[in-house]
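For reference, the structure discussed in these notes is given below.
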Amino acid sequence: MTVIYKVYDQVADLIAQLESEKILSIQISAEMQTRFNALVEKSKQTQIPVREKDELNHFIVLERLFRLSTMKTYVANNIKK
């Protein structure tokens with residue numbers, strides 16, 4: 001595992017220590033979801049500008065952090081999905 005993924009795991013651990021109800025209720029806004037979907041579709045059709053690629057990468061990193069946090073919350077609280 002590379003260093004950056006270890007950092008993601010550490011941040012996810014910190015987030016997972018918050019109140020489980022709050023963590024499990026985190027959702028992306030409709031506006032942000034629309035933007036993410038547009039960037040994904042655009043990147044599939046053509047090479048997107050560096051700025052948009054960077055934006056898409058940030059979305060992906062944040063999604064990974066919150067997904068890891070959610071999984072860790074389920075495990076730590078013995079919650080079955």
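Quick note: the coordinates plus some simple rules give every number you see, no bench work behind them. Keep in mind that what you see is a predicted model, and the values were worked out from it rather than measured.
Quick check for the range 3-76: number of Lys pairs with alpha-carbon distance under 18 Å, counting only pairs 8 or more apart or on different chains?
Final tally of qualifying lysine pairs is 4.
Over all directions, average the projected area of the Cα convex hull of the range 36-76 and note it in nm². Walk me through the intermediate numbers first.
On the way: hull surface 11.8 nm².
Its average projected convex-hull area is 3.0 nm².
Could you work out the mean projected area of the convex hull around the alpha carbons of the chain, in square nanometres to one decimal? Don't skip to the answer; put the middle values down first.
Numbers: hull surface 26.7 nm².
Projected over every direction and averaged, the Cα hull of the chain covers 6.7 nm².
Mean-square fluctuation check for the chain, GNM, Cα pairs under 10 Å: which of S20, S29, S69 is largest?
Taking springs between Cα atoms under 10 Å, the residue moving most is S29.
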